[in-house]
1. List the number of the failed condition for V9; all other conditions in (1) of a type in the set (V, I, T); (2) surrounded by fewer than 16 Cβ atoms within 10 Å (Cβ to Cβ); (3) in contact (Cβ under 8 Å) with a residue 40 or more places away in the chain hold.
2. From the residues in the stretch 19-54 that are crowded, with 20+ Cβ neighbours inside 10 Å and in a strand (DSSP E or B), which one is farthest from the chain's Cα centre (by Cα)?
3. Would you tally the residues in the stretch 174-205 being touching a residue at least 24 places away in the same chain (Cβ under 8 Å) and either part of a loop (DSSP other than H, G, I, E, B) or among the basic types (K, R) (or both)?
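The values are calculated or read from the model by the stated rules, or taken from the named source; none is laboratory data. Please read all numbers here as calculations on a predicted model, not as lab measurements. Every residue, glycine among them, receives a Cβ derived from its backbone with ideal geometry; neighbour counts consider all protein chains shown.
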Amino acid sequence: MGFYARRIVPRLIDLAMRNERLRSYRQQAVGAARGCVLEIGVGSGRNLPLYGPGVTSVCALDPSAELLGLARQRIAETSTPVWLVQASGEDLPFLGASPDTVVTTWTLCSIPHPLSALSEMRRVLRPGGKLVFVEHGLSPEPRIARWQRLLTPLWRRVSGGCHLDRDMNALVRAAGFHLGAIETGYMSGPKLMTFMYQGRANARWGTLAPIIPKIASVAEYSSGRQNCW
């Protein structure tokens, strides 16, 4: 990993996530979480202070050590027990049937293989658990979508792997989830990067492959409080 990807991109991501226009989306997504939560792509930890009393603990995962370092500074802003884990969403280091809720906010755009990551989320969710997400992605307008597909190869090189042209609803369904409430629409800003998908989904348990145990030993930063997993 080069200097730009390792040092510059995490700071750019943190700067982008400070956008106040994202706050209402963030509050709705995090507000829907309950019980033990697994957050995929915690980034610099902007969601952490928003977890409320309905959440018993948060295991917040990101592959970037630099972003986890920023997130660690925000653990003190929440009374919810938080563990930070450095790992990839495509290969979750947890046993199956662990969290009650999986949360992703502006994460699936930058995961190299989002279908693999979503399949992993489905694998680890407890029966009856839910996926809560807000993501930007492919516009329904053909002209905008064409530009998104044209610009994505360049954009992902300078933005930490972010894809402008992913159909998030289709990805969630393809991973074996049943979409429940879903809202889509443009946030204010350039249409190329502001079409939002916000919703909840439950695993279609009849489609699941057998749960494969995984080693739960991971490099982590802890708030020092008991984690419910």
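1. Failing condition for V9: (2).
2. Ranking the candidates gives C36 first.
3. The qualifying residues number 9.
Quick grid of which residues meet (1) at pLDDT below 95; (2) small (G, A, S); (3) touching a helix residue (DSSP H, G or I) at 6+ places or on another chain (Cβ under 8 Å):
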site: P127; (1), (2), (3): yes, no, yes
site: D167; (1), (2), (3): no, no, no
site: H178; (1), (2), (3): no, no, no
site: E183; (1), (2), (3): no, no, no
site: M187; (1), (2), (3): no, no, yes
